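S.K.: Take a look at the following structure, please.
No lab work stands behind these numbers, since they all come straight from the coordinates. Being a predicted model, the structure only gives us computed values, none of them experimental. Counting neighbours? That spans all protein chains shown, and the Cβs are built from the backbone with ideal geometry, glycine included.
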Amino acid sequence: MEYRFLGNTGVQVSKLCFGTMSFGGDADEETSAVMFHRCREAGINFFDCANVYQRGRAEEILGRLMQGQRHELIITSKFRFPMAEDINARGASRRHIMAAVEASLKRLQTDYLDLCFIHGFDSNTAL
């Protein structure tokens with residue numbers, strides 16, 4: 001596997017980043033595990049997720065799969081889309097960002113994200 005520096009962070013990521021959108025959806029937990037382990041065997045250390053992938057289930061599955069190797073992985077997640085009916089459970093407000101990250105951390109069973117992306121522009125919140 002080839003690795004690249006992530007900007008000027010000094011952190012190296014695999015040239016390929018594996019997206020986990022199918023975890024808990026098209027790929028059940030067993031199939032997700034097969035895909036994850038195959039990625040790890042190939043040297044992939046970069047995994048992308050989002051809170052809305054399968055309404056959080058993808059993060060839960062990834063969290064279980066990465067146990068014991070979290071320090072070797074670069075994990076991303078995203079926020080913006082609604083995860084609840086509450087009018088404030090969406091967008092890019094500081095309140096929603098903080099709540100979304102906390103919920104993702106719980107689902108991923110980790111205490112940090114390496115990268116967190118906004119999953120689309122929020123016309124109500126200035127960049």
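S.K.: Identify the GluC sites (Glu not before Pro) of segment 1-37 meeting these criteria: DSSP loop state and at most 10 other C-beta atoms within 10 Å of the C-beta.
M.R.: Numbers: sites: E2, E29, E30; in loops: E2.
Of the GluC sites (Glu not before Pro), the ones in loops of segment 1-37 whose Cβ has at most 10 other Cβ atoms within 10 Å are E2.
S.K.: Determine, for Y53, Y112, the number of other Cβ atoms within 10 Å of each Cβ, and report the residues in order from fewest to most.
M.R.: On the way: Y53 23, Y112 10.
Going from sparsest to densest Cβ surroundings: Y112, Y53.
S.K.: Per DSSP helix of 4 or more residues, -39500 (n - 2.57); summed, then divided by the residues of the chain. What does that give at 222 nm, rounded to the nearest 500? Could you put the intermediate results ahead of the total?
M.R.: Numbers: 3 runs with 38 residues, N = 127.
Per the formula, -9500 deg cm²/dmol.
S.K.: How far, in nm, would the chain grow between D114 and S93 when pulled straight, counting 0.36 nm per residue and subtracting the alpha carbon separation? It would help to have the intermediate numbers written out before the result.
M.R.: Values: separation 21, 0.36 × 21 = 7.56 nm, distance 2.02 nm.
Residue separation times 0.36 nm, minus the Cα-Cα distance, leaves 5.5 nm.
S.K.: With 10 angstrom as the radius, rank L16, L127, L62, L113 by how many other C-beta atoms surround their C-beta, starting from the fewest.
M.R.: Values: L16 14, L127 6, L62 26, L113 17.
If I rank by nearby Cβ atoms, fewest first, I get L127, L16, L113, L62.
S.K.: ³J(HN,Hα) across segment 112-121 via Karplus (A = 6.51, B = -1.76, C = 1.60, θ = phi - 60°), whole Hz, x for Gly/Pro?
M.R.: 7, 10, 7, 9, 10, 10, 7, 7, x, 5
S.K.: Next question. Given that just one value was derived from the coordinates, which of (i) 48; (ii) 67; (iii) 56 is percent of Cα pairs over 19 Å apart?
M.R.: (i)
S.K.: Sticking with this structure for a sec: In the chain, with Lys and Arg counted as +1 and Asp and Glu as -1 at Cβ, which of these residues, A42, C17, P82, has the Cα nearest the positive end of the dipole, that is, farthest along it?
M.R.: Result: P82, furthest along the dipole toward the positive end.
S.K.: Separate question: How big is the antiparallel share of DSSP beta bridges in the chain, given as a percent to the nearest 5?
M.R.: Values: 3 of 13 bridges.
Antiparallel bridges make up about 25 percent of those DSSP assigns within the chain.
S.K.: Something else about it: Under the 0.36 nm per residue contour assumption, what length would be gained going from the current alpha-carbon distance of E102 and T9 to full extension?
M.R.: Full-extension gain reported as 31.1 nm.
S.K.: Pick out which of G68, G43, G91 has the largest mean-square fluctuation in a Gaussian network model of the chain, springs linking Cα atoms closer than 10 Å.
M.R.: Highest fluctuation among the options: G68.
S.K.: Could you pull out every residue, at least 5 positions away or on a different chain, whose amide H is within less than 5 Å of the one on F117? Hs are placed 1.01 Å off N in the peptide plane, and Pro or chain starts have none.
M.R.: S77, K78, F79
S.K.: Among R94, R107, R40, determine the one that fluctuates most according to a GNM of the chain built with springs between C-alpha atoms less than 10 Å apart.
M.R.: Residue with maximal mean-square fluctuation among R94, R107, R40: R94.
S.K.: Please give the charge dipole size of the chain, origin at the Cα centre, charges +1 on K and R Cβ atoms and -1 on D and E Cβ atoms. Round to the nearest 20 debye. Display every interim value, and only then the final one.
M.R.: Details: 15 positive and 16 negative charges, 60 e Å.
Magnitude of the dipole: close to 280 debye.
S.K.: Apply the Karplus parameterisation 6.51 cos²θ - 1.76 cosθ + 1.60, with θ equal to phi minus 60°, to every residue of segment 89-106 and state each ³J(HN,Hα) to the nearest whole Hz, in sequence, with x for glycine and proline.
M.R.: Result, ordered by residue: 8, 6, x, 10, 5, 4, 4, 5, 4, 4, 5, 5, 5, 4, 5, 5, 4, 5 Hz.
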